[in-house]
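What follows is a single structure, written as structure tokens, with notes after it.
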Amino acid sequence: MGSSTCFAGICPQQSAEADVLVVGAGPAGISAVLALQLQKRRIFWVDPAFQSGRLARYLTVPCNTKVDILAGDRNFRHPLLQPVASCVTPALQKLIAEAEPLAESTDPSELGWTTLGSCKHIYDAVTTGLSHAGGVSRCFGKVTRLTRVGSHWVAAVDAAGSRTSVKVQCVVLATGAEPKAAPLPNAMSAETTFDEALLRQRLRPNQRLAVLGNSHTAAVALAKLSELAGPMSLSITCFSRRPLRCAEWLEDSNVYRYNSTGLKGFGAVFGRKYMVHGTSWLEIKHIKEFLPEEWDWVIDCTGYVKSQLPTIDGVKAQELPRDEVSGALLGAPPGVFALGVPWGEAPGRLWGQGREAEDGFRGEDTFVGFAMFFARAGLIADEIHQVLECKQAA
């Protein structure tokens, strides 16, 4: 199967075969395709837009990883990117050139900081490179169902009204995550706060807003809201379970302490300034004091949940756990793997690169930025290699 693309719902054929189906074209899905393409697998790649996943919605959101790390060999100079280096290098050079220093940051950075929009440009470049790679077929659409037929998987793909079936040996689900939404009638998505025009449409003067959590997402949401707090006389309160935690850069070992649970970059600077004791436009309270009915809007910034996944033999994939070592979905027939943030990637614990601190926060962790996707993708590609080798030997 050579490189091909399905445009406007017209697939190369109404049925196809490949070694592996990859669902999703965000950072996790792209990492999976890179790792599998390196092993010369025939890949059928499905995504509704091929626009680097939800990064398209976060163009102006500050990245919480400094450019020094993004430009390193665990991130955008990772060996997996070598086959598409001609596409990636110009985008990476542009990211470095446009990086800016971050005033008041306690995290040393020679190259500065950037936005998720700049990271998206690099992933867009990778997608372009992969679209011309041999063995990769792209299809603009959505996988709705996976069915086990004998020793294979058959995927139903909806593409602009038409349907394609794909027969594969293994499947990698990398559909990404979306912010949690409080199950309340007055809930507002954190993503709404990232869009100033949309935010202005939703808000009214003198409204009361509750922001749940003190994560990087909460810091960005509060920063956006702070610009409207005065002009619109908004009353804003941030509720959290525990005090603000910032990651600490350990110069001697060149890693972060509390990387997984602490704020970095813009989030750390903003958090220290406003999210510890509050300020004229912001109150800080414990989550125990939160009463949903007291607020006009509730913005949940406590984490992310899995985006829509296909059913697997009639079972909702969202409900299936994942094996932390192999990446395989438990409770499903063999050959289905999952990759990405919503599956609770914990590379420090998984690969022995981190340690738990006594207070329950994660300790040192060398997998920063997008490194966790590349590392996990490599492990899953190795697992798939073993599956296919066993099938060939049978």
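The values are calculated or read from the model by the stated rules, or taken from the named source; none is laboratory data. Since the structure is predicted, the reported quantities are computational estimates derived from the model, not experimental observations. Cβ sites come from the backbone with ideal geometry, for glycine too, and all protein chains shown count toward neighbours.
Only residues that are of a type in the set (Lys, Arg) and in contact (Cβ under 8 Å) with a residue 40 or more places away in the chain were counted in region 273-326, giving 3. Of the residues making up region 40-56, just one is surrounded by fewer than 16 Cβ atoms within 10 Å (Cβ to Cβ), out of contact with any strand residue (DSSP E or B) (no Cβ under 9 Å at 6 or more places or on another chain) and on the phi < 0 side of the Ramachandran plot, namely Ala56. Any residue at all in region 89-110 that is within 17 Å of Ser31 (Cβ to Cβ) and surrounded by 17 or more Cβ atoms within 10 Å (Cβ to Cβ)? Looking through region 89-110, at least one residue is within 17 Å of Ser31 (Cβ to Cβ) and surrounded by 17 or more Cβ atoms within 10 Å (Cβ to Cβ).
Scanning region 328-380 for residues that are over 21 Å from the mean Cα position of the chain (by Cα) and modelled with pLDDT of 90 or more yields Leu330, Pro334, Gly335. Selection over region 79-118 of residues that are closer than 21 Å to Gln51 by Cα and part of a loop (DSSP other than H, G, I, E, B) gives a count of 1. Region 270-327 holds strands (runs of 3 or more DSSP E) entirely within its bounds, and those carrying 3 or more residues that are modelled with pLDDT of 95 or more and either touching a strand residue (DSSP E or B) at 6+ places or on another chain (Cβ under 8 Å) or of a type in the set (Ser, Thr, Tyr) (or both) map to 282-286, 297-300.
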